[in-house]
Amino acid sequence: MRMGLWIVGVLGLAAGAATARADVLTADRAVELALKHSANVINADANVLGARGNLYSAYSGVLPRVSAGYTRSGSLTEGASGNQVFGSLVIPQTPSDRESYSTSPTLSGSWSILDLSAITGLSSARSGLRAAQLRRTASRQDVALAARRQFYEVVKAVRLADVSSRALQLSRSEERRVRALFEVGSVSKSDLLKAQVQTAQSQLDSLTAIDNVTVQRITLGTVIGVADRDFGDIDTTLSPNALVYDPAQVLDEASKNRPDLKAAELELKSANAALASANLARFPSLSVNGSATYSPFSDTKVTEKDSTGATVSFAAHNESDRQYGASIALNWDLFSGMAIESRIASAQAGVQRAKEVRDAAKRNLEGEVHQALLGQQEAIERTRLVESALASSTENLKLTQEKYNVGSATILDLIDAQVQLQRAESDEVSALAALRVAEAVLDRVRGR
């Protein structure tokens, strides 16, 4: 018994210290932390970046390209010699050295002005980016639901630990009272033993409940990415208030707002565009190219020896204001080595997968809404029932206590009444927590 009191005291001191260090953690704050630290959200952000990269890559196939260059080149030839033949006349060449340098500042550009495959691929990439953004929204909603679900698991564990603690105090108080009556001979030894058994059972239940609080807090810390020692106390408020929803309105709202449904539609649209792009790769494309070189110049120096051995030098300098060049090309892959066929087959597989995902999401939507509404309605009805049971159990314990005091009820009757009250209190906590979770699930189904 002293050990149980010591554990309860230590937890109380720890909770007090945590309160001094941090604010009380609410469900909304838990969701905020989960969205900040969740690996799923981080991966969803990365997927959006990847989709944006695909979009930029698709733009490169339809936008013009412009590049600038500055070229400085040089060459040096030493001791060049040989013969020149004109019919039967052979003219030997005197040894010579040649040195030349050139400079060319160039601006060039190219533009695929008509590439149906690239244009359709750009449309596919745009849809893919929007789908990735919606998938990120859906991932955030899933993380928020998981955080709320685990938060209320902690709330339930804390409230159940409080119920067990109060039941333990009641059992100990009743044991002391029975012991006092036994010492004066008013009750039998059997009554005292039953009271002791009930106290031991209550102490075991209390220890189990306290351990469960720790386990659930650690799990919550894992979900929200914060160590359980750092988020302090939990807001254990459980309101019995519940909203009533119109099934048709909820289904309509879910059809319009669910980001995963919208993402599935866009993914199918993107896959169809990718397939069209692959098929259009069979058609020719039209591109233009142009270049301009500004103020190019070159210098050449040739040194050679004549037949007498004298050195003769020649030098040349060439320059111009501008040089322009342009071309237009029609490109047609008559045979791509099955590359186009491979691309088409992959795109067809992507369409089939995207269509199945979209169809499954639509098929399951009505069932998800119906299941969420049933869960919420069940939680409401369960809350009403346990509240009625709690009131009855409380009244029954009072009556049984009075009967036991006048000797018309046994200690076993009193223990049964206490157990029923504890069970009713525990059921109330579980029902209220389930109601909050059911409403969170319903919000997720509605796309909120």
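The values are calculated or read from the model by the stated rules, or taken from the named source; none is laboratory data. No experiment lies behind these values; they were computed from the predicted model shown. Neighbour counts run over all protein chains shown; Cβ positions are idealised from the backbone, glycine included. Quick note on the areas: whole protein, heavy atoms, side chains included, nothing else; ligands and nucleic acids left out. Shrake-Rupley method; radii C 1.70, N 1.55, O 1.52, S 1.80 Å.
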Inset, instruction - Mind telling me which of the residues Arg423, Arg363, Arg322 ends up being surrounded by fewer than 12 Cβ atoms within 10 Å (Cβ to Cβ), more than 30 Å from Ala276 (Cα to Cα) and at pLDDT 85 or above? - result: Arg322
Inset, instruction - Return yes when Glu428 is among the charged types (D, E, K, R), in a helix (DSSP H, G or I) and surrounded by fewer than 19 Cβ atoms within 10 Å (Cβ to Cβ) and no when it is not. - result: no
Inset, instruction - Scan the stretch 274-329 residue by residue and report those that are in contact with a Gly (Cβ under 7 Å, 6 or more places away or on another chain) and of a type in the set (Ser, Thr, Tyr). - result: Ser277, Ser291
Legend entry - Residue in the stretch 307-318 that is touching an Asp or Glu at 6+ places or on another chain (Cβ under 8 Å), among the hydrophobic types (A, V, I, L, M, F, W, C) and touching a residue at least 40 places away in the same chain (Cβ under 8 Å) present: no
Inset, instruction - Just one of (1) surrounded by 19 or more Cβ atoms within 10 Å (Cβ to Cβ); (2) more than 20 Å from Asn241 (Cα to Cα); (3) within 26 Å of the chain's Cα centre (by Cα) trips up Arg436, so point out which. - result: (2)
Inset, instruction - Report whether or not Leu390 is in contact (Cβ under 8 Å) with a residue 12 or more places away in the chain, farther than 25 Å from Glu153 by Cβ and part of a helix (DSSP H, G or I). - result: no
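Okay, residues lined up against (1) exposed (fewer than 12 other Cβ atoms within 10 Å of the Cβ); (2) of a type in the set (S, T, N, Q); (3) in contact with an Asp or Glu (Cβ under 8 Å, 6 or more places away or on another chain):
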position: Leu25; (1), (2), (3): no, no, yes
position: Lys36; (1), (2), (3): no, no, no
position: Asn54; (1), (2), (3): no, yes, no
position: Val66; (1), (2), (3): yes, no, no
position: Arg72; (1), (2), (3): yes, no, no
position: Ser75; (1), (2), (3): yes, yes, yes
Inset, instruction - Name the residue, out of Leu170, Leu204, Leu134, Leu181, that is open to solvent by 30 Å² or more (accessible area, probe 1.4 Å), under 30 Å from Asn54 (Cα atoms) and either modelled with pLDDT under 90 or hydrophobic (A, V, I, L, M, F, W, C) (or both). - result: Leu134
Inset, instruction - Sort through Ser171, Ser277, Ser206, Ser190 and tell me the only one that's under 30 Å from Arg126 (Cα atoms) and part of a helix (DSSP H, G or I). - result: Ser277
Legend entry - Selected residue [under 43 Å from the mean Cα position of the chain (by Cα), within 26 Å of Ala278 (Cβ to Cβ) and open to solvent by less than 90 Å² (accessible area, probe 1.4 Å)] from Ala379, Ala339: Ala339
Legend entry - Lone qualifier among Val351, Val369 - being within 29 Å of Glu153 (Cα to Cα), within 37 Å of the chain's Cα centre (by Cα) and not hydroxyl-bearing (Ser, Thr, Tyr): Val369
Inset, instruction - List every residue pair whose Cβ atoms sit under 8 Å apart, with the two residues 6 or more apart in sequence or on different chains, where the first one lies in the stretch 210-228 and is free of Cβ contacts under 8 Å to residues at least 12 places away in the same chain and the second, anywhere, is open to solvent by 40 Å² or more (accessible area, probe 1.4 Å) and not basic (Lys, Arg). - result: Ile218/Asp228; Gly221/Asp228; Gly221/Asp230
Inset, instruction - Please work out if Gln216 is assigned to a helix (DSSP H, G or I), polar (S, T, N, Q) and farther than 21 Å from Asp142 by Cα. - result: no
Inset, instruction - Being open to solvent by 30 Å² or more (accessible area, probe 1.4 Å) and over 28 Å from the mean Cα position of the chain (by Cα) is the filter here, so list the residues in the stretch 237-273 that pass it. - result: Thr237, Ser239, Pro240, Asn241, Ala242, Leu243, Val244, Tyr245, Asp246, Pro247, Ala248, Gln249
Legend entry - Close pairs from the stretch 60-87: first over 30 Å from Ser117 (Cβ atoms), partner acidic (Asp, Glu) and modelled with pLDDT under 85, Cβ under 9 Å, at least 6 apart: Leu76/Asp97; Thr77/Asp97; Glu78/Asp97; Gly79/Asp97; Ala80/Asp97; Ala80/Glu304
Legend entry - Selected residue (only one of Ala68, Ala34 is in contact with a strand residue (DSSP E or B) (Cβ under 7 Å, 6 or more places away or on another chain) and either at pLDDT 90 or above or not aromatic (Phe, Trp, Tyr) (or both)): Ala68
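Here's the yes/no breakdown for (1) closer than 30 Å to Leu116 by Cα; (2) not in a loop (DSSP other than H, G, I, E, B):
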residue: Lys301; (1), (2): no, yes
residue: Tyr324; (1), (2): yes, yes
residue: Leu330; (1), (2): yes, yes
residue: Asp333; (1), (2): yes, no
residue: Ile344; (1), (2): yes, yes
